[in-house]
Amino acid sequence: MSKAKPKLIALGVLLLVLIAFPLLVDAYSVQVAITTITYSMLGLAFAFTIRVGLPRFDIPVWWGVGGYTTALLMKAGMSFWLTALIGGMIAIVLGALFFSVSIPRGMMPFLMIGMVLTMAFYQLYGAVPIFGGWGGIVGVPEPTIGSFSFLSKPSLYYLGLFFLALNLLVYYALYNSKIGRAWNAIGSSLRLAGSVGIDVVKYRMANVLIGNFFIALAGSYFVGYYRAALPQVFTFQAAIYVMVFLIIGGFTHSLLGPIIGAVIATFVPEYLRVSQEYQSIATSAFVILILMFLPVGILGLLDQRVKPWFTRRKWHALFSKGE
């Protein structure tokens, strides 16, 4: 049996589970899954930029740009799909303006400007009347395709799966391309990357702006589901949560790590019935425990302990009988 066959089987089983999920659980679980999908897309964008050595706390900015663009334009009668594209392009253009100042100056200026932008945009969303003030924009129309409306939770869940799959396909293709190899070199050593002719500023800029587009796309999806854009959603606290997803899942896995982290960080507090005022405390305590006893994350533990254990016992031989 080829090495790829067990992976394909596992992928097929996972897809079947994801497709059948709304049919097997209650409406509340589907709602939590929709939130998890949104957080997964944000976590993927954070991991994407980590590839070039740039941790970012500006994710709520572009998440809000996508969300508010969709809310405003859909209220004006525009198609959801067009608003999502426009929101992504606005995030790229605004990002290029801000990052042209910070990225050439290194990681710390990029990090600090991102933090300032997050706090500034939060105030902007709440203070400027066109954004609905602190009450936000409510009554956003539902997304549609032709005559079909995404009103039910299962339909919105499948819409989210489509967007998440799009994220994964694009990121995977980029990671395995020439530009992805340049990003890996930059993340490993700036000096070494520069010494072999890699334009660090240009490649970092490309990485961050692509991430901006997909963060804004997550904002459009979130508003399409929630049918409202509220400034209380796009806060600095959200940026911390996104980083937590990757810590829990494992920094060494740019695709699966953020998703595993988002699933754990979203479903566990919900099903433990942790109240909203204590959820931040519970999450913080969980992250501290992860950092103390599992610094490589869940998937890092699998790589270090579980995979070697299975390899030593040759469990893969069970799948090759009769081949």
### Task
For region 91-104, state whether one or more residues are buried (at least 19 other Cβ atoms within 10 Å of the Cβ) and touching a Gly at 6+ places or on another chain (Cβ under 6 Å).
no
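Residues checked against (1) over 18 Å from the mean Cα position of the chain (by Cα); (2) in contact (Cβ under 8 Å) with a residue 40 or more places away in the chain; (3) assigned to a helix (DSSP H, G or I):
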{"position": "Gly66", "(1), (2), (3)": "no, yes, yes"}
{"position": "Val101", "(1), (2), (3)": "yes, no, yes"}
{"position": "Pro104", "(1), (2), (3)": "yes, yes, yes"}
{"position": "Thr118", "(1), (2), (3)": "no, yes, yes"}
{"position": "Tyr122", "(1), (2), (3)": "yes, yes, yes"}
{"position": "Gly126", "(1), (2), (3)": "yes, yes, yes"}
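Condition check: part of a helix (DSSP H, G or I), closer than 15 Å to Leu209 by Cα, in contact with a Lys or Arg (Cβ under 9 Å, 6 or more places away or on another chain) and among the aliphatic types (A, V, I, L, M). Does Ile90 satisfy that?
Details: part of a helix (DSSP H, G or I): yes; closer than 15 Å to Leu209 by Cα: yes; in contact with a Lys or Arg (Cβ under 9 Å, 6 or more places away or on another chain): no; among the aliphatic types (A, V, I, L, M): yes.
Against the criterion (part of a helix (DSSP H, G or I), closer than 15 Å to Leu209 by Cα, in contact with a Lys or Arg (Cβ under 9 Å, 6 or more places away or on another chain) and among the aliphatic types (A, V, I, L, M)), Ile90 does not qualify.
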### In region 50-79, residue nearest to Leu190 (Cα to Cα) [restricted to those that are buried (at least 24 other Cβ atoms within 10 Å of the Cβ) and in contact with a Pro (Cβ under 8 Å, 6 or more places away or on another chain)]
Gly64
## Note on the structure
Only one of Asn207, Asn184, Asn167 is out of contact with any Cys (no Cβ under 8 Å at 6 or more places or on another chain), of a type in the set (S, T, N, Q) and over 25 Å from Trp63 (Cβ atoms), namely Asn184
### Task
Could you please let me know if Ala120 is at pLDDT 95 or above, farther than 19 Å from Met205 by Cβ, among the hydrophobic types (A, V, I, L, M, F, W, C) and touching a helix residue (DSSP H, G or I) at 6+ places or on another chain (Cβ under 9 Å)?
yes
### Query
Mind checking which residues of region 146-160 are in contact (Cβ under 8 Å) with a residue 24 or more places away in the chain and farther than 14 Å from Phe214 by Cα?
Phe150, Lys153, Pro154, Leu156, Tyr157, Tyr158, Leu159
### Query
What about Phe21, is it at negative phi, assigned to a loop (DSSP other than H, G, I, E, B) and aromatic (Phe, Trp, Tyr)?
no
#### Entry: Every pair of residues 6+ apart whose Cβ atoms lie under 7 Å, when the first sits in region 172-199 and is more than 25 Å from Gly257 (Cα to Cα) while the second is surrounded by 12 or more Cβ atoms within 10 Å (Cβ to Cβ) and not small (Gly, Ala, Ser)
Ala193/Ile186; Ala193/Val200; Gly194/Val200; Ile198/Ile186
### Task
Taking Gly197 as the residue in question, decide whether it is surrounded by fewer than 24 Cβ atoms within 10 Å (Cβ to Cβ) and not in a helix (DSSP H, G or I).
yes
#### Entry: Condition met for Met74 (part of a loop (DSSP other than H, G, I, E, B) and within 21 Å of Leu166 (Cβ to Cβ))
no
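The values are calculated or read from the model by the stated rules, or taken from the named source; none is laboratory data. Please read these numbers as outputs of a predicted model, since none were measured by experiment. Don't worry about glycine lacking a Cβ; one is built from the backbone with ideal geometry, like all the others, and counts go over all protein chains shown.
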